[in-house]
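S.K.: Have a look at this one.
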Amino acid sequence: MSTATTTATATATAAASRGGDLRVAVLGVGVMGQDHARRLSTRTAGARLVAVSDVDAARTRAVADEFGVRAVHDPFAAITDPDVDAVVIATPGFAHEEQVLACLEHGVPVLCEKPLTTSAETSLRIVRAERELGQQLVQVGFMRRFDAEYQQLRALVASGELGRPLFLHCIHRNASIPPHFTSEMLVLDSVVHEVDAARYLLGEEITAVTVLRPRASSEAPEGLQDPQFVLLETAGGALVDVEVFVNARYGYEVRTELVAERGTAQIGLGVDLVRRSAAGWGGSIPRDFRERFGAAYDTEVQRWVDAVRRGTVDGPSAWDGYAAAAVCAAGVESLRTGRRVEVDLS
């Protein structure tokens with residue numbers, strides 16, 4: 001048994017000896033990290049937020065003061081802190097590889113927000129490093145797997161009631177996105193959710209990607225290819241199409257329709273949505289992802305905490321993070337070249 005594996009086992013034992021409280025540090029306290037800090041402080045049983053870390057010292061201190069925890073400006077100091085049992089990583093994607101590898105080196109269970117890393121090569125490095133330990137420590141934050149509607153749709157697919165899946169039609173729309181967003185980030189930061197959701201719902205790997213460029217919306221910043229239309233091919237022959245539109249203005253909307261041999265099923269419809277424009281609609285539309293998937297995030301973090309206390313992982317694995325990264329890398333290549341690109345899961 002490796003030192004890291006021994007440490008991870010000790011984490012669960014120590015947490016249990018303290019009455020079950022898992023001491024958690026959150027790395028990165030932007031929008032997502034602050035949301036997780038609040039969730040751990042107010043809505044997660046068996047866990048206690050003890051530290052936060054961010055490259056912005058003022059923000060670190062402000063969030064630490066808000067929740068009454070320690071500000072640790074060096075993320076690696078938080079990872080190795082003896083008073084920290086587990087870590088949530090919500091830093092920018094480019095920082096994930098080094099931070100997740102540090103967690104593995106020191107036997108610290110980690111919930112890493114997507115993407116696992118920014119490339120297939122670095123994600124595969126994490127998969128291999130974890131395998132060498134002989135124990136899973138990494139969970140990736142694909143929260144849709146914890147959403148009740150996605151779970152119901154997956155159960156319907158698995159039941160075989162509608163026969164084999166033929167198509168998944170997916171819509172991913174944001175009201176707006178930050179100014180730093182690039183055309184590639186529509187694939188890497190938005191479509192990545194549909195990639196994992198398709199793998200989760202269908203139980204098949206994605207083997208090829210084609211990204212098409214419709215005319216850009218006049219609401220999109222100059223130079224941004226928005227919207228995009230993404231076609232995913234699966235190993236079993238199903239097709240998944242994704243309309244990603246991140247400057248839709250009217251709200252945040254995520255929908256999926258399954259077309260199978262003997263029927264169809266849809267999720268994400270809301271309440272009698274008839275019209276979708278700035279003028280109005282039937283029913284309500286969330287303004288952002290936290291509103292639409294708030295309950296899924298709560299379930300995700302609670303189940304992660306419960307699993308860590310047992311010394312296990314109960315969610316998307318490092319392999320799931322790697323598979324999504326490989327598909328998105330092929331998607332970026334297709335976006336740039338206009339060609340169909342096969343996915344290499346080596």
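S.K.: Given the C-alpha centroids of region 218-256 and region 85-143, what is the distance between them in whole angstrom?
M.R.: Going from one Cα centre to the other spans 27 Å.
S.K.: Separate question: Expressed as cubic angstrom per residue, what is the convex hull volume of the alpha carbon set of region 148-288?
M.R.: Hull volume over Cα atoms, normalised by residue count, gives 113 Å³.
S.K.: How much FRET efficiency would the formula 1/(1 + (r/R0)^6) give for Arg249 and Arg303, where r is the Cβ-Cβ distance and R0 is 30 Å, rounded to 0.05?
M.R.: That gives a FRET efficiency of 0.30.
S.K.: Using a 7 Å offset from the Cα along the Cα-to-Cβ direction at both Ala77 and Asp288, what is the distance between the two label points in nm, to one decimal?
M.R.: So the label points at Ala77 and Asp288 sit 2.9 nm apart.
S.K.: About its Cα centre, what dipole magnitude does region 148-288 give when the only charges are +1 on Lys and Arg Cβ and -1 on Asp and Glu Cβ, stated in debye to the nearest 20?
M.R.: Working: 12 positive and 19 negative charges, 71 e Å.
Taking the Cα centre of region 148-288 as origin, the dipole is about 340 debye.
S.K.: If the chain between Glu121 and Arg339 were fully stretched, how many nm would it gain, using 0.36 nm times the residue separation less the Cα-Cα distance?
M.R.: 76.3 nm
S.K.: How large is ³J(HN,Hα) for each residue in region 22-38, as worked out from phi by the Karplus curve 6.51 cos²θ - 1.76 cosθ + 1.60 (θ = phi - 60°), to whole Hz, x for Gly and Pro?
M.R.: 9, 8, 10, 10, 10, 9, x, 10, x, 4, 5, x, 5, 4, 5, 4, 5
S.K.: Quick one: putting +1 on the C-beta of Lys and Arg, -1 on the C-beta of Asp and Glu, what dipole do you get for the chain around its Cα centre, in Debye to the nearest 20?
M.R.: So the magnitude is around 560 debye.
S.K.: Treating the Cα atoms of the chain as identical point scatterers in vacuum, please give the log10 of the normalised Debye intensity I(q)/I(0) at q = 0.14 Å⁻¹, two decimals.
M.R.: -1.19
S.K.: Tell me, what HN-Hα J-couplings in whole Hz come from the Karplus equation 6.51 cos²θ - 1.76 cosθ + 1.60 at θ = phi - 60° for each residue of region 110-125, using x for Gly and Pro?
M.R.: Values, residue by residue: 9, 9, 9, 4, 5, x, 4, 9, 8, 8, 5, 4, 6, 5, 5, 4 Hz.
S.K.: How do Trp319, Trp304 rank when sorted from fewest to most other Cβ atoms within 10 Å of their own Cβ?
M.R.: With the fewest neighbours first, Trp319, Trp304 line up as Trp319, Trp304.
S.K.: Quickly estimate the mean residue ellipticity at 222 nm for the chain, helices only: each DSSP H run with n ≥ 4 gives -39500 (n - 2.57), and the total goes over all residues, rounded to 500.
M.R.: Per the formula, -12000 deg cm²/dmol.
S.K.: Could I ask something else about it? I want the antiparallel fraction of DSSP beta bridges within the chain, as a percent rounded to 5.
M.R.: That works out to approximately 50 percent antiparallel.
S.K.: State the extension gain, in nm to one decimal, for the chain segment bounded by Arg164 and Arg43, taking 0.36 nm per residue of separation less the distance between their alpha-carbons.
M.R.: 39.7 nm
S.K.: At a threshold of 8 angstrom on Cα-Cα distance, excluding pairs fewer than six apart, so keeping six or more, what relative contact order does the chain reach in percent?
M.R.: 20
Laboratory data are not the source of any read-out in this text; all were calculated from the coordinates shown. Keep in mind that what you see is a predicted model, and the values were worked out from it rather than measured. Cβ sites come from the backbone with ideal geometry, for glycine too, and all protein chains shown count toward neighbours.
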